[in-house]
Amino acid sequence: MLTIDAQVHAYERDHPGRPWVNVLAGPPEVTGDDMVAAMDAVDVDAAILVSPWTMYRYDESYALDVHAAYPRRFGLVKPVDPNDPTVADTIADWAPLDSTVGIRIMLSQGNATDPNDPGINRVLSAAARHGLPVNLSCKGHLELVGQLAARNSETRLVVDHLGLEQPRVPPAPDEPFVELPKLLGLAAHENVAVKVSGACTLSHEAFPYDDLWDPLSRVFDAFGFDRCMWGTDWTRAINVVTYEQGVEPFRRTNRLSDSERAALMGGTLQHIYNWSPVGN
């Protein structure tokens, strides 16, 4: 089974040549080398590397450096600014790169919440023209995702992190799945897929987090395994779970069949992003 993590982040320590805008939860740096070492330690074959908006905003240059060093291991997702009038040109320039698998909008970071917003719809239209999925950081905005999905039926939308508030430090929220019904409602839109990423940070139990399986099963039942992708959201989750703890519960559980596990942990991702690690 090819195992592909749907979302990881890598970054250099803050320095004048590539300064941080803000601080992401985690160590002073997690380089591409560090990320590959963590993946190798638990037999994760590849990952989608999402340029960390917190530190670098719309500058994807470090992610490109990591891909250049490890072209067989990473596909890249770049955040784009829907308020930039030239964003369609940015997407057009990004789309043909060998590293590219998608783009991202940070709906949860103060961008417009109107489904008619011209900037957001400009992004979704451009992404559809270039065959790129749009990843949505959208906690607190799941209703907007449904409206955008209906308006942009030709655009593949990917909900990051189950669309739920996830902790950067323990403990998990008292009711971590309180907004799950809103996510489940999005399954009616065939162009919406979901990253089951960072899920282990929502558990109230010790590893292997058995209390997750009932709510996650509702997600699998609603969307089907052809629209669900496992991921760790490493290194955002580093203060809550280790990388191994983000991987192994999905390998160990008896709540997944072998075929479901294969789809969730890599097979579906290759279809959604139209990407496979080089050589596989």
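No lab work stands behind these numbers, since they all come straight from the coordinates. Computed from a predicted structure; not experimentally measured. Cβ: placed from backbone, ideal geometry, glycine included. Neighbour counts: every protein chain shown.
Overview of values
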| quantity | calculated |
| --- | --- |
| Rounded, prolate or oblate (a/c below 1.5 giving rounded, otherwise prolate when a/b exceeds b/c) for the chain by Cα gyration tensor | rounded |
| Helical contribution to [θ] at 222 nm, DSSP H n ≥ 4, -39,500 (n - 2.57), averaged over the chain, rounded to 500 | -8500 deg cm²/dmol |
| Inter-label distance, nm, simple model (7 Å from Cα along the C-beta direction), SER276/ARG251 | 2.2 nm |
| Net charge of neighbours whose Cβ lies under 12 Å from the Cβ of HIS141, counting Lys and Arg as +1 and Asp and Glu as -1 | -4 |
| Nearby lysines by direct alpha-carbon distance to LYS78 (threshold 24 angstrom, same-chain neighbours under 8 apart not counted) | LYS139, LYS195 |
| The chain, relative contact order in percent, only Cα pairs under 8 angstrom and at least six apart counted | 20 percent |
| Under DSSP loop assignment and at most 12 Cβ neighbours within 10 Å, longest GluC sites (Glu not before Pro)-free interval of the chain | 1-153 |
| Exposure proxy order (Cβ contacts within 10 Å, fewest to most) of ARG104, ARG122 | ARG122, ARG104 |
| Burial ordering of LEU97, LEU183, fewest other beta-carbon atoms within 10 Å first | LEU97, LEU183 |
| Cα-based Kirkwood hydrodynamic radius, segment 72-229, one decimal, Å | 16.3 Å |
